[in-house]
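Remarks on the structure that follows.
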Amino acid sequence: MTHLRSNRGEYRGRRFGWILARALLASLALSACFTGERPRFKDEVPPAVPTGSPAVDAVMSRLDSVDTAQFDAAFQIDTKFGTLSSAAEVSQASGRRLSVTVQNDSSYIRYVVDGTDERTCNLTTAECETGLNDARISNTQLSHRFYAPSFATRLRISADRRIGDPVTSQRTVAGQPAECVEVPVAGGVETYCALESGVLAYFEGADVTIELTAYSPTPNESLFDS
């Protein structure tokens, strides 16, 4: 009987401990619901996470910083699947103002961000739609953020999948000094180059080659009209 009472006392103690633990977990869960992760604006770039490769991080940190820059940049884009050659121009100004114009076959597509206003326009037909529709330049196999943000993401993925050591180098592109890294991946080597402002200066991969052809630190205001 004494042993049974002892077991009952031990059971009650364990049961009380379980109840207390469950209450604590519920309290933490409720607290998380109220606090949660800090909300981000749609275009806010999270802090860059080092890849462990100084050569990669040197270029990636530049690409990640492009949203704070002001510039006008022209590009030559050669899409290897379908052998499509396209011209593009990107201007970015303060106050969340961005204009990206891309040649897509015989049409010119312009993406405009002006504060909270976002639109996609076909300059050839003078037609616009609300929002940023990357399907309009699908033949290039790029998004409208090819000038740096989308290739920062691609560089992170390539760094994770690399099959050898990245190699750093410097080169001059369109008269501008650029920091470069070559990343060996399955199927070949990808080359990424970025200016100090964060603009993509050069990329070469199995699918596309992008090269900066002209650069100015002054935005082209005429490109914000559509």
Study note, to complete from the structure: Ordering 198-210, 95-107, 114-126, 134-146 by per-residue average of other C-beta atoms within 10 angstrom, highest first, gives 198-210, 134-146, 95-107, 114-126
Practice item. Please turn the phi angles of the range 62-77 into ³J(HN,Hα) values with the Karplus equation 6.51 cos²θ - 1.76 cosθ + 1.60 (θ = phi - 60°), one per residue in order, whole Hz, x for glycine and proline. Key: 5, 4, 5, 8, 5, 5, 9, 8, 10, 6, 9, 9, 10, 9, 10, 10
Practice item. Amide H neighbours of Glu118 under 5 Å, at least 5 residues apart or on other chains, H built in the peptide plane: list them. Key: Gly131
**Study point:** Bins of 5 Å from zero: percent of alpha-carbon pairs in the range 54-224
**Key:** 2, 9, 18, 21, 20, 15, 9, 4, 1, 0
Check your understanding: So what J values fall out for the range 124-134 if you push phi through Karplus, 6.51 cos²θ - 1.76 cosθ + 1.60 with θ = phi - 60°, rounded to Hz, Gly and Pro as x?
Key -> 6, 9, 6, 10, 10, 9, 6, x, 10, 9, 5
**Study point:** Other-chain or far-sequence residues with amide H under 5 Å of Thr124's (modelled H)
**Key:** Tyr108
Exercise for review: Enumerate the calculated ³J(HN,Hα) couplings along the range 100-116 in order (Karplus 6.51 cos²θ - 1.76 cosθ + 1.60, θ = phi - 60°), each rounded to whole Hz, writing x wherever the residue is Gly or Pro.
Suggested key: 10, 10, 10, 6, 10, 6, 9, 9, 10, 10, 10, 9, 10, 10, 9, x, 8
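Any read-out appearing in this document is the output of simple, stated calculations on the displayed coordinates, not a laboratory observation. Bear in mind the structure is a predicted one, so any value in this text is a computation, not a measurement. Cβ: placed from backbone, ideal geometry, glycine included. Neighbour counts: every protein chain shown.
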